[in-house]
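Only one structure is covered here, and it is reproduced in the block below.
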Amino acid sequence: MAAISSVFRSGLFSNKVAIVTGGGSGIGRAISQELLFLGCKVVIASRNLDKLQKAAQEMKLQIPKKSTADVREVKCNIRNEDEVKSLMDATVQHYGKIDYLVNNGGGQFPSLLADIKLKGWNAVIETNLTGTFLCCREAYQKWMGEHGGVIVNIIVDMWKGFPVMGHTAAARAAVENLTKTASLEWAPNHIRINSVAPGTIYSDSAAANYADPETFSRAIPNVPAKRLGKVEEISAAVCFLLSPAAAYITGETLKVDGGSSLHGFPGFSVPDHEGFKAYDWETDIKERKKSETEMEKSKL
Ligand code: ADE
């Protein structure tokens, strides 16, 4: 297990309480670990209790001695309104408050727009958009509306569209807009809310979800930084936005993408088209054929 560290000062989040959805793996786990390292009490939430419990146990072992940090797992399907309400209740009951909410939980499967079935479309929208909305609303209702707080929504690099991921790109673009509305409506409640838009970030859990192992390496030539991002680089951006260093930032989106959103679309070039026929989506079609399996794997 890699040692955890942070560029932020030790104890920065002492006695703070955070909820991180999807906090047991990938980017969510990196965020949870850095928050713990900085003294925060963290509730990690997702649907798979076994995985969550294992992650929480492992993370507990990494908490520095004499730290105020603590970690607990709460099973929660963010698409289920009652379960989201229970997540907020459980956090307030156990830790007494909710200072921070990081909406990181999400899921999708690769498919061309033309092939997305309504069930798959609805599942992706419900998880990534509706789930985020429910978590924001219930954090507001159960704690932040009266006491303030900070929210960070994790979205994606969808600024130029997102071939083979159109459903999640649409949902995340909507979350970006939701972030702006919430920042205005909830400013009087001392709530700041921002988004972080990761570029192509390598994590073992993301890699396990892709049928095509080249998915990551195909992106590199179009990333100005000429490398993939690291989960710790997303976590650092989230910690910055949660911290007092960002006290005057709200309704904003921070791109953490090695410059890729200013350049080409990572891993995609516009194919030649001759009439309607000679269009070769070789790689994407390979993915598309697997999309049903992907969907099952991601349990949407
Ligand atoms: N991560 C992916 N999908 C999720 C869901 N429905 N609830 C919580 N975390 C998730």
- Could you tell me the accessible area of residue 203 in Å² (1.4 Å probe, neighbours in place), rounded to the nearest ten? 10 Å²
- Kindly express, to the nearest 10 degrees and within the range 0 to 90, the angle between helix 26-37's C-alpha long axis and the longest C-alpha principal axis of the chain. 20 degrees
- Item | Accessible surface, per residue, of the chain when the full set of protein chains is kept, probe 1.4 Å, Å² | 49 Å²
- Using a 10 angstrom cutoff on alpha carbons, build the Gaussian network for the chain and name the most mobile of 254, 61, 129. 61
- Distant-in-sequence amide H partners of residue 149 (H built 1.01 Å from N, under 5 Å): 191, 192
- Nearest 10 degrees, 0 to 90: what angle lies between the long axis of helix 231-242 and the longest principal axis of the chain (Cα atoms)? 50 degrees
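Work out, in µm²/s and without decimals, the Stokes-Einstein translational diffusion coefficient of the range 160-271 at 10 °C, 1.306 mPa s, Rh from Kirkwood over C-alpha pairs.
Values: Rh = 15.5 Å.
Diffusion coefficient, whole number: 103 µm²/s.
Can you give the relative contact order of the range 17-297 as a percent, counting alpha carbon pairs under 8 Å and 6+ residues apart?
Values: 521 pairs, mean separation 51.8, N = 281.
About 18 percent, as a whole number.
Rounded to the nearest 0.05, what FRET efficiency do residue 272 and residue 7 give with R0 = 41 Å and r taken as the Cβ-Cβ distance? Could you check? Don't skip to the answer; put the middle values down first.
Numbers: r = 45 Å, r/R0 = 1.11.
My answer for the efficiency is 0.35.
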- Note on the structure: Cα extents of the chain per principal axis, largest first, Å, are 64, 39, 36
- Amide H contacts of residue 41 (H built 1.01 Å from N, under 5 Å, at least 5 apart or other chain): 15, 16, 17, 18, 70
- Item | Extension gain (nm, one decimal) between residue 119 and residue 48, 0.36 nm per residue minus Cα-Cα | 23.4 nm
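Under the 0.36 nm per residue contour assumption, what length would be gained going from the current alpha-carbon distance of residue 160 and residue 187 to full extension? Working shown, then result.
On the way: separation 27, 0.36 × 27 = 9.72 nm, distance 2.97 nm.
Contour length minus the Cα-Cα distance gives 6.8 nm.
For the range 61-134, what does the relative contact order come out to in percent, with C-alpha contacts under 8 Å and a separation of six or more?
35 percent
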- Exposed-loop-free span, longest in the chain, where chymotrypsin sites (Phe, Trp or Tyr not before Pro) count as exposed if DSSP calls them loop and at most 16 other C-beta atoms lie within 10 Å: 1-209
- Query: For the chain, modelled as a Gaussian network with Cα springs under 10 Å, which listed residue fluctuates most, 233, 83, 214?
  - Reply: 214
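Quote to one decimal, in nm, the extra length available between residue 57 and residue 226 on full extension: 0.36 nm per residue of separation minus the C-alpha distance between them.
Numbers: separation 169, 0.36 × 169 = 60.84 nm, distance 3.55 nm.
Taking 0.36 nm per residue and subtracting the Cα distance, the gain is 57.3 nm.
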- Item | CD proxy at 222 nm, helix term only [per DSSP H run n ≥ 4: -39500 (n - 2.57); per residue of the chain; nearest 500] | -11000 deg cm²/dmol
- Query: Taking the Cα atoms only, what angle lies between the long axis of helix 49-61 and the longest principal axis of the chain, rounded to 10 degrees?
  - Reply: 60 degrees
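Rounded to the nearest 0.05, what FRET efficiency is calculated for residue 80 and residue 206 with R0 set to 30 Å and r the Cβ-Cβ distance? Mind dumping the intermediate values first?
Working: r = 24 Å, r/R0 = 0.80.
Step by step, r from the Cβ atoms, then E = 0.80.
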- Kirkwood radius from Cα pairs of the range 162-210 plugged into Stokes-Einstein at 37 °C, 0.692 mPa s, gives D in µm²/s equal to 253 µm²/s
- Message: If I histogram all Cα-Cα distances within the range 96-138 using bins 10 Å wide from 0, what percent of pairs lands in each bin?
- Response: 25, 42, 22, 9, 2
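The values are calculated or read from the model by the stated rules, or taken from the named source; none is laboratory data. Fair warning: this is a prediction, and the values are worked out from it, not measured in the lab. Positions of Cβ are generated from backbone atoms using ideal geometry, with glycine treated the same way; all protein chains shown enter the neighbour counts. Note: areas computed on protein heavy atoms with side chains; ligands, DNA, RNA excluded. Shrake-Rupley method; radii C 1.70, N 1.55, O 1.52, S 1.80 Å.
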